[in-house]
Every structure is written in structure tokens, then in C-alpha cells.
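No value in this document is a laboratory result; all are computed from the given coordinates. Computed from a predicted model, the values in this text were never measured in an experiment. In this analysis, Cβ positions are derived from the backbone assuming ideal geometry, glycine residues included, and neighbour counts consider all displayed protein chains.
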Amino acid sequence: MISVLVALAFTASGPALLLLRQPSEVVPLARQYVEISAAGLLPFFVFVVLRQSMQAMLSVRPVLVAVVVANVVNVAANWVLIFGNLGAPALGVAGSAWSTVLARWVMLVTLLGVGWGPLRPHLTGSWRMAFEWGPLWRTVQLGAPIGFQWFFEAGAFAVATLMFGWLGTVPLAAHEVALSLASLTFMVPVFWASRWRRRRWLGRRSAEPTCPRHGGMRRVRGCWAWASWQPAACSCSRSPARSLGGSRQTQR
């Protein structure tokens, strides 16, 4: 139901972007990408539900495998469909959208295949308990604040992107490049910090800590230092043409 409602909203992406005064040369490409990507909404939403369920069951390896496989498929499909390699037509933005749709279906199928063991007891048999009002209401109470937090966080980035679109195509492209680099540098220290916290938790369960406190903090501080060094951002911002080209590659 949610995927159908979101897909219907995607059909109005073109008029909505024009109403928000986005660059006229960008709107047709963005509309094309959004409309095609609607075919991947169902597997994406189902994957999110299964991923959260498996994380609650402390079974994250299948999720990791599914994400890695989907990213490999996405990169390979982008190379084939965007640029027209291996005899395929060069579809450009449409090729990127179809690659995303394919990757999302592959991600869901991989998760079901690799994680079928822990998922099977919950996906087979009677689903009567899944529609009981009490557990659903507790889930809403727990998830609503998290959902609102995500909404405002993502909305802030979306509004910033729209504001850059008011400045023109080149500033919008440069903003997308900078945002992609910021996302990359953000995830590296987050990964190491979470890894350090997990090792510290495991150490508390054993006789001797597996990760000394100061050594773990040095790793976290080192990752933050690495994240603050972004020579790639400087190289991308030397010329407007290069920024625009980099953004197109990122969007694909």
C-alpha cells in the first residue's frame, strides 16, 4: 500500500519540480529517473522491513551480504546501461534508474536467500498475530518519533538541494558532489566508532577487555582526522565544468 501511494506521488515529480523553480534542463531528467525508479519501491520497502527485523534478531550478516551484492550489481549495471557497454544502448539517466531498480530487486532476493533461516519462522505459517492492534500500536509509538527525526533530517538536506537548484545547474551539481563526499567521510568514522563500541561491549563480557580504551579512542580520533581531509572536494571545485561533470557521474 505504501509503495503504491509513493509511486502515485512520483508521477507528479515533473510539475512539482517546475513549481519549485528547479533548472528547466534538469527537470526532464529528474522526472524520468523518478518515474522509472518507482518500479523498485516495493522491493526497497520490503527490504527495509526485513532488515530492521533481522537487526532486532541480532542477525546482520545476511543484510551485509545483500547490500554488498546489490552494490556490485548496481555498479556493473550502471557501466552497461549508462554508457552503452557490452552492446547495450546508452540510456544515460534512464539507465541509471533501471540499474537502481535491478539492484533493489537483487538486494531483496539476496536477503531472502541468505537470511531465510532466521526469517522463515516469521514469514511462514499464520499471519494472524501480525494484524493484532496492540503490537502494532506499540510499534507506532516506538517508531513515530524516529520517523519524525528522519523526516526532518532528510528534509533539511532536501530543502538545501532545492535552494541550490534556484542558483542554477552548476551550483546544484557542485552541491551534489560535495554532499556525496560528505556522506563518504561521515560513514568512515561512524563505522570505526561502532566497531570500537562493539569490541568494548564484547570485552566487558570476557575476563580481559578486547579493546583498550585509549587505543580505541585513538582510532576514532584518527578516523575523524581523515574525514576532515577532503582533497577530492578541492579538485572537484576547481572549475564549474568539472563540478557539473562530477555531479552527473554521481547522480548516475
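Numerical summary
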{"item": "Global form of region 27-95, assessed from the alpha-carbon gyration tensor, a/c cut-off 1.5", "result": "oblate"}
{"item": "Of every Cα-Cα pair in region 60-120, the percent that sits beyond 13 Å", "result": "59"}
{"item": "Under 13 Å, Cβ to Cβ, from V67 - net charge with Lys/Arg +1 and Asp/Glu -1", "result": "+3"}
{"item": "Inter-label distance, nm, simple model (7 Å from Cα along the C-beta direction), V68/H122", "result": "2.2"}
{"item": "Sorted by Cβ density within 10 Å, fewest first, the residues H122, H175", "result": "H122, H175"}
{"item": "Modelled FRET efficiency - R0 22 Å, L8 with I146, Cβ distances, 0.05 increments", "result": "0.30"}
{"item": "Residues R120, R104, sorted so that the one with the fewest Cβ neighbours within 10 Å comes first", "result": "R120, R104"}
{"item": "Packing rank of 67-73, 84-90, where each peptide gets the mean count of other beta carbons within 10 Å, highest leading", "result": "67-73, 84-90"}
